[in-house]
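Structure record follows, encoded as structure tokens.
The values are calculated or read from the model by the stated rules, or taken from the named source; none is laboratory data. Just so it is clear, the structure is predicted and the values come from calculations on it, not from any experiment. Glycine also receives a Cβ, built like all others from the backbone with ideal geometry; neighbour counts cover every protein chain displayed.
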Amino acid sequence: MFGLALIFVLLLMNTVLSERKSREELAIANEKLRQYALRIESQATLEERNRIAREIHDSLGHSLTALNLQLETALKLWQSQPQKAQTFLTRAKELASKSLQDVRQSVSAMRSHPLQEQSLEQATVGLAENMQRAIGVSPICKIDLADPISSEITTSIYRIIQESFTNICKHSQATEVTLELTTTDTHLHLIIKDNGRGFELGQNTTGFGLKSMRDRTLALGGKFNINSTPENGCQIIVEIPLMSRSNDKSTASR
């Protein structure tokens, strides 16, 4: 009888200890989960801030660069060719209006779609025309895109092209620019090349513009490469997977 009582007490103690240990483990797990949730929330906030910073830099930076070039040209021509200078001032006023619109869009957390009612091809041609007006160089564009491409990809590619063209206008002193934008069954490919002064890769790949382009590409699971040497121009190569289109084709073939 005593032996049975002892066994019962031992089993009861073991149950109590096991329950206490389970509660402690549960409390630890809950605390870890809470800390993880806080980290996720903090990371999401940081990513959103970085996204808005990229949008402001890419959209407003492009407009202000073009505006500055128009004003510089107008100042150079003001004495010798006032009529031509007036043309550049008119363009500068238009760019200033666009910059103001970009600021308003940025303040509203960049909710609007940068392509608006345009296709990616139309928007790219528009950026090429802006470059021609800004520095007198008309990019040669080869564009062959298949539909559909997600809005996330088209928006990022538009911003990458925009930032690349801005860098060319600001830094390259190029006289020739080419752009190839194509899709295959599985990937989107973008190549932008200029014959400008180039740069040392180790010294000039950490600027916000290049980082923004790289971040946008990597966020879509893509690859981003820069080829450049001093006095030999620059080439940017972007490759982004089109998983949804590939999956759709695979499903349709079954």
So how many residues does segment 181-195 have that are out of contact with any Pro (no Cβ under 7 Å at 6 or more places or on another chain), in a loop (DSSP other than H, G, I, E, B) and in contact (Cβ under 8 Å) with a residue 60 or more places away in the chain? 1
Give segment 132-152 a look and list any residue that's surrounded by fewer than 20 Cβ atoms within 10 Å (Cβ to Cβ) and assigned to a helix (DSSP H, G or I), or say none. 132, 133, 151, 152
Residue pairs qualifying under the 8 Å Cβ cut-off, at least six apart or on distinct chains, with the first in segment 82-102 being modelled with pLDDT of 80 or more and in a helix (DSSP H, G or I) and the second being loosely packed, with under 14 Cβ neighbours inside 10 Å and hydrophobic (A, V, I, L, M, F, W, C), are 85/75
Run residue 198 past the list (1) at positive phi; (2) part of a strand (DSSP E or B) and report the number of the one that doesn't hold. (2)
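For (1) under 18 Å from the mean Cα position of the chain (by Cα); (2) at pLDDT below 90; (3) of a type in the set (Phe, Trp, Tyr); (4) surrounded by 20 or more Cβ atoms within 10 Å (Cβ to Cβ), each residue gets a yes or a no:
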| site | (1), (2), (3), (4) |
| --- | --- |
| 165 | yes, no, yes, yes |
| 168 | yes, no, no, yes |
| 171 | no, yes, no, no |
| 178 | no, no, no, no |
| 192 | yes, no, no, yes |
| 195 | no, no, no, no |
| 203 | no, yes, no, no |
| 240 | yes, no, no, yes |
Just wondering, is there one or more residues in segment 11-34 that are part of a helix (DSSP H, G or I), touching a Lys or Arg at 6+ places or on another chain (Cβ under 7 Å) and modelled with pLDDT under 75? no
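Sort out which residues of segment 155-180 are assigned to a helix (DSSP H, G or I) and of a type outside the set (A, V, I, L, M, F, W, C), and write them in order of number. Break it down stepwise before answering.
In the first step, residues of segment 155-180 are kept if they are assigned to a helix (DSSP H, G or I); the result is 155-172.
155, 156, 158, 159, 162, 163, 164, 166, 167, 170, 171, 172 - these are the residues of segment 155-180 that are assigned to a helix (DSSP H, G or I) and of a type outside the set (A, V, I, L, M, F, W, C).
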When residue 203 is evaluated against the numbered criteria (1) in contact (Cβ under 8 Å) with a residue 24 or more places away in the chain; (2) over 22 Å from residue 53 (Cβ atoms); (3) part of a helix (DSSP H, G or I), which criterion, by number, is the only one it fails? (1)
